[in-house]
Amino acid sequence: MIEVKNLEKSFGDAHILKGISTTFEKGKTSLVIGQSGSGKTVFLKCLLGLFTPESGTISYDGKIYSKLSDDEKRNLRAKMGMVFQGSALFDSMTIAENVMFPLRMFTKQTKDEMEDRVNFVLKRVNLTDAHHKMPSEASGGMQKRVAIARAIVNNPKYLFCDEPNSGLDPKTAMVIDNLIQEITDEYNIITVINSHDMNSVMEIGEKIVFLKDGLKAWEGSKENIFKTDNKVVTDFVYSSELFKKVRKMYIEENE
Amino acid sequence: MQYLHNIGTYFLMIAEMFRKPTKWSVMRTLILKDIDDLIIGSLGIVAFISFFVGGVVTIQTALNISNPLIPKYLVGFATRQSVILEFAPTFISIIMAGKVGSFITSSIGTMRVTEQIDALEVMGINALNYLVFPKFIALMLYPFVISIAMFLGVIGGMAACVYGGFSTLEDYITGVQTDFIPFHIAYAFIKTIVFAFLLATIPSYYGFYMRGGALEVGKASTSSFVWTSVMIILLNYILTQMLLS
């Protein structure tokens, strides 16, 4: 379990995170949602250890991150998989080399074993003919799938995704959502996704944390989000006519 | 105050570069790739510039010797001294600050902008060791580039001297061999090693710590070139004062 307590982070005079507390559980896909500038990416980067919070704690399975030694932090990070918003694939490597990279860095596997594992995960994300392509030759959806393959190749315990659907068409976005959900169930890992895609919220939001202006404004599941009367949440989630209708239909069906 | 902060960050970067080494099997590949990019990839332009600048030094020296009492072999002597002491180690390093330095800053800066450095850090990899250390090791072969620059500078001078009719081949070779002081070669290579260190670390600093987007990558490359050149010129003066005076 990842447990966050009173997390605060500022950049100069800008107070970005204002005492956020929440938990993320094993085997669940958790979504952190909120408007642009609400502090989602900073929150995720604090979880990853890329930013050091001013106060508050982040515990991974009971171990407080800030109290770990450098070696312990490095070992913990080796158990994290991250899918960046822009995929962050290494330009100078082919798709197969990108996926193999964590194995080369952290395991003592032979080349054949690594190739087998790369083939397995690329097949798992439905990419079988892209091994020798460079990232620049791959479409946005392919790049996201490669990033997911790279994130899971070393059997992570924690999977983090920063807006995995940004820039993708609705159908590809759904494929990516389902893939992340399946991987979370299959490997029984903790998955935290930053998103402002409402389709993702409705599809895979087993737990949803809503941030507004650096504060946790609401927390619940995709079922709760239909019923909530929290105006801040409903104004954000049901800002489009389509979702207003979806909510109305859901409430009518359940009455 | 910001300058002091930047200088402190630069030295911390150098210390961090040697910590948490990357697995040797991966590092070996990175070093070989950087040798190819930074050293082998620079040989063409260095050879071209050295040959022709050596020729120009010879022509200008010959044209400025109007006194018939000054022996003709002095053209070869002056060319050798200019090329070995200053042109090859310093002038070529300034050119390399533009070529290699911009390449290092823009490649690392682009990795920063596209979150590739974040990806390395999330994996628990020491990004400075992974990115900067191989460049530092690759540039330890920089004296090899400068040796070629010295050789081709003198050869270029010889070609210009003989084919331009400024003196005979024998006079030029006599001049090149006159009053040769081996320590001048050592002095040139000491400077070269120091400049190689600057060429690896200053552009890496500007790339690694840049913030922003594509425009900032361009700005960082420019700043990197300016400051690498400034430091090369400054240390050239200090080392010359220390080693030759």
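Every number here is computed from the coordinates shown, using simple stated rules; none is lab data. Remember, it's a predicted structure, so these values are computed and weren't measured experimentally. Every residue, glycine as well, gets a Cβ built from its backbone with ideal geometry; the counts of neighbours run over all protein chains shown.
Here are a few things to note about the model shown:
- In percent, rounded to a whole number, the relative contact order of the range B:79-214 is 55, using alpha-carbon pairs under 8 Å and six or more apart.
- Here B:Lys99 is the anchor, and the lysines within straight C-alpha reach of less than 18 Å, apart from those fewer than 8 places off in the same chain, are B:Lys33, B:Lys135, B:Lys219.
- GNM result for chain B, Cα springs below 10 Å: residue of B:Ile117, B:Ile65, B:Ile95 fluctuating most strongly: B:Ile65
- Springs between Cα atoms under 10 Å define the GNM used for chain B, and in it the highest mean-square fluctuation of B:Phe77, B:Phe18, B:Phe151 occurs at B:Phe18.
- Across the range B:6-15, computed HN-Hα scalar couplings (Karplus, 6.51 cos²θ - 1.76 cosθ + 1.60, θ = phi - 60°) run 5, 5, x, 4, 4, 6, 5, 4, 5, 5 Hz from first to last residue, x flagging Gly and Pro.
- Normalising by residue count, the range A:1-95 has a Cα convex hull of 144 Å³ per residue.
- Each label was represented as a point 7 Å from its Cα along the Cα-to-Cβ direction; for A:Thr23 and B:Tyr237 these points are 6.5 nm apart.
- Sites listed here are chymotrypsin sites (Phe, Trp or Tyr not before Pro) in the range A:1-77 whose DSSP assignment is loop and whose Cβ has at most 12 other Cβ atoms within 10 Å, and the list is empty.
- When the Cα atoms of chain A are aligned to their principal axes, the ranges along those axes come out at 57, 42, 32 Å in descending order.
- Averaged over peptide B:122-129, the number of partner chain Cβ atoms lying within 10 Å of each residue's Cβ comes to 6.
- Alpha carbon convex hull of chain B, projected area averaged over orientations, nm²: 15.5
- Across the alpha-carbon atoms of the protein assembly as shown, the computed radius of gyration and Dmax are 29.6, 113 angstrom.
- Here is the result for the range A:128-212: no chymotrypsin sites (Phe, Trp or Tyr not before Pro) lie in DSSP coil with at most 10 other C-beta atoms within 10 angstrom of their C-beta.
- Ranked by how many other beta carbons lie within 10 Å on average, peptides A:242-254, B:212-224 from highest: B:212-224, A:242-254
- Look at B:Leu244, B:Leu131 and count the other Cβ atoms within 10 Å of each Cβ; fewest to most, that gives B:Leu244, B:Leu131.
- Considering only A:Lys111, A:Lys45, A:Lys212, the mean-square fluctuation computed in a Gaussian network model of chain A, springs between alpha carbons under 10 angstrom, is largest for A:Lys111.
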